[in-house]
Amino acid sequence: MDDKELYGEVAEENVGEEAGGCDELTAITELNALYLDKIKQQAAEFENYRNRTAKEMGQMYNKGLREAIVALLPVVDNLERALQNVDAADGFAAGVLMIQNQLTTVLGGLGVAKIDAVGQQFDIRYHAAVSHIQDEGLDKNQVVEELQAGYMHGDTVIRHSMVVVAN
């Protein structure tokens, strides 16, 4: 593709009119300005492409990380259940506790945090009510028991806390 195809109007109007120096210089200057604009436009498009792909890669990384975390949460739950059903003085319980602490530390390093539930006001963004009790001594919509822990990754809820709510 030559200059006339890309920038036909400028090339046809200015280059072919006169063989004199001033008009030729003007035509070349205009052509250079068009080339410079084209280069700037392509550079801006490439920068937009880089930013868009970097954002998409970050989103894919977070999605994959969250899927892996969701797959590990049943393991965390089972470790908690195991600790509730063994004798604390047993050496086996100490080993399970060390594994649970290590897994909790790893998840924390990945930005995973446990959702506080018991004693909090019920909030549909963080809690899933599975049962309701009547107790006049408690505030309305107060979480009284957590049946399954909820977790967040950054600002995103990975799993809602399954809770029992009063009143």
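Report the Stokes-Einstein translational diffusion coefficient (µm² s⁻¹, integer) for segment 72-128, Rh taken as the Kirkwood radius over Cα pairs, at 4 °C with viscosity 1.567 mPa s. Display every interim value, and only then the final one.
Details: Rh = 13.0 Å.
Answer from the Stokes-Einstein relation: 100 µm²/s.
Between the beta carbons of Ile124 and Ile39, assuming R0 = 45 Å, the FRET efficiency works out to 0.30 to the nearest 0.05. Counting only protein heavy atoms and a 1.4 Å probe, the chain has 69 square angstrom of accessible area per residue.
Computed in the context of the full set of protein chains, the accessible area of segment 80-157 at 1.4 Å probe radius has 52% of its extent on carbon or sulfur. For the pair Thr26 and Glu47, a Förster radius of 41 Å applied to the C-beta separation gives a FRET efficiency near 0.85, rounded to the nearest 0.05. On the beta carbon distance between Gln59 and Ala93, with R0 = 41 Å, the FRET formula returns roughly 0.50. Going by alpha carbons, how many degrees (0 to 90, nearest 10) lie between the helix axis of 91-109 and the longest principal axis of the chain? That helix lies at roughly 30 degrees to the long axis. Compared with the dominant principal axis of the Cα atoms in the chain, helix 21-84 is inclined by about 10°.
Just to check, using Stokes-Einstein with a Kirkwood Rh over alpha carbon pairs, what's the diffusion coefficient of the chain at 10 °C and 1.306 mPa s in µm²/s?
Working: Rh = 22.0 Å.
For these conditions, the coefficient is 72 µm²/s.
Per-residue extension of 0.36 nm, minus the Cα-Cα distance of Val86 and Ile133, leaves a gain of 14.0 nm for this segment.
The values are calculated or read from the model by the stated rules, or taken from the named source; none is laboratory data. Worth saying up front: this structure is predicted, and the values here are computed from it rather than measured. Neighbour counts are summed over all protein chains in view; Cβ atoms, including those assigned to glycine, are modelled from backbone coordinates with ideal geometry. Calculation scope for accessible area: heavy atoms of the full protein, side chains included, ligands and nucleic acids excluded. Shrake-Rupley method; radii C 1.70, N 1.55, O 1.52, S 1.80 Å.
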